[in-house]
Amino acid sequence: MRILVFQHLAVEHTGVLGDFWRQAGHEEHVVELGEGETIPALEDFDILTVMGGPMDVWQEDAHPWLVPEKAAIRRWVRDMGRPYLGICLGHQLLADALGGEVSLMKASEVGLATVALTEAGRADPALAGVPPELETFQWHSAEVSKLPAGCEVLAANAACPTQAIRWGKWAYGFQYHMEITGSTVSDWEQIPEYKASLNEALGPEKAARLSTDVEAQLRGFHRTARLLSDNLLSLIASARPTASEKA
């Protein structure tokens, strides 16, 4: 499959998900929107994956490329009906593009946090095998505060009631990060906006321990990422017409 990736920051890439996809023989085409790269013809791709970034969905004046990005997401999901995977900002952009709302949180959610699958999440085929409660990695100050029409919440916690969502058949958004690698915390600490929210949310001492704390949970994060990737790709493959059906 050909996977189109919208990236907003070089250090917020597909991480271990990209490793899984390349190992399976799938092809990633990364568009660095923050670097001025243009969105290619959407028809050439099977999946759209949209990653995170320090900007917010409403900052269109500062980041004018958000306007065509939202239009592409809306067309991909609503008009073309193709599979979508959004993480953090990509999760929020999905909601915003489809008529939902994203707002600042009362307090940033940064570090390790437990989320619980909803009844819809426990029944969703993309989350098959994922435990009903799981430890996650968070780094966000905004949340989906109003769902688009027809959207279901798949996971939640007290800090953020919209930790995972699905719109339609297979447009998924995840506020938390399961794609992270062993270098994620150190990489993201170099981003001034992230460093500020890290220290504000955790305080200097806990912030200094975050990389070690994440390392202890990394295997579990990768297991969740593998389950999601395998489930989603299997769903897409099963829906594709066979050669005889095409004929």
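Quick notes on this one:
- Two-decimal log10 I(q)/I(0) for the chain, as the Debye equation yields it once each C-alpha is a single scatterer, q = 0.15 Å⁻¹: -1.05
- Counting only alpha carbon atoms, the long axis of helix 192-239 and the longest principal axis of the chain meet at about 20°.
- Helix-only CD estimate at 222 nm, as mean residue ellipticity for the chain, using -39500 (n - 2.57) per DSSP H run (n ≥ 4): -11500 deg cm²/dmol
- Backbone geometry of the stretch 96-106 corresponds, through the Karplus equation with coefficients 6.51, -1.76 and 1.60 at θ = phi - 60°, to 3J(HN,Hα) couplings of 5, 5, 9, x, x, 10, 10, 9, 5, 7, 5 Hz, x marking Gly and Pro.
- Probe 1.4 Å, all protein chains present, accessible-area order of Leu66, Leu104, largest first: Leu104, Leu66
- Taking 29 Å as the straight-line reach from the Cα of Lys70, the lysines in range (excluding those fewer than 8 positions away in the same chain) are Lys106, Lys146, Lys169, Lys195.
- Cα centroid separation - the stretch 129-148 against the stretch 202-242, whole Å: 12
- Projecting the Cα positions of His8, Gly34, Thr118 onto the charge dipole of the chain (unit charges on Cβ atoms of Lys, Arg, Asp and Glu, taken about the Cα centre) puts Thr118 furthest along the positive direction.
- Seen through its C-alpha gyration tensor, with square-root eigenvalues sorted a ≥ b ≥ c, the stretch 108-247 comes out prolate because a/c lies at 1.5 or above while a/b is bigger than b/c.
- Prolate/oblate/rounded label for the stretch 26-127 (Cα gyration tensor, a/c 1.5): oblate
- In Hz, Karplus ³J(HN,Hα) per residue of the stretch 171-188 (6.51, -1.76, 1.60; θ = phi - 60°; x = Gly, Pro): 9, 10, x, 10, 6, 8, 10, 9, 8, 5, 10, x, 9, 4, 4, 5, 5, 6
- Extension gain, Lys169 to Thr114: 0.36 nm times the residue separation minus the Cα-Cα distance gives 17.2 nm.
- Efficiency of FRET between Met105 and Leu235 - r from beta-carbon atoms, R0 35 angstrom, step 0.05: 0.65
- Close amide H contacts of Ser145 (hydrogens built in the peptide plane, cut-off under 5 Å, sequence separation of 5 or more or a different chain): Glu101, Val102, Ser103.
- The spacing between the stretch 63-123 and the stretch 23-49, judged by their C-alpha centroids, is 17 Å.
The values are calculated or read from the model by the stated rules, or taken from the named source; none is laboratory data. In this text, all values refer to a predicted model and were calculated from it rather than measured experimentally. When we count neighbours, we look across all protein chains shown, and the Cβ atoms used for this are built from the backbone with ideal geometry, even at glycine. Surface areas here come from the heavy atoms of the whole protein model, side chains and all, with no ligands, DNA or RNA. Shrake-Rupley method; radii C 1.70, N 1.55, O 1.52, S 1.80 Å.
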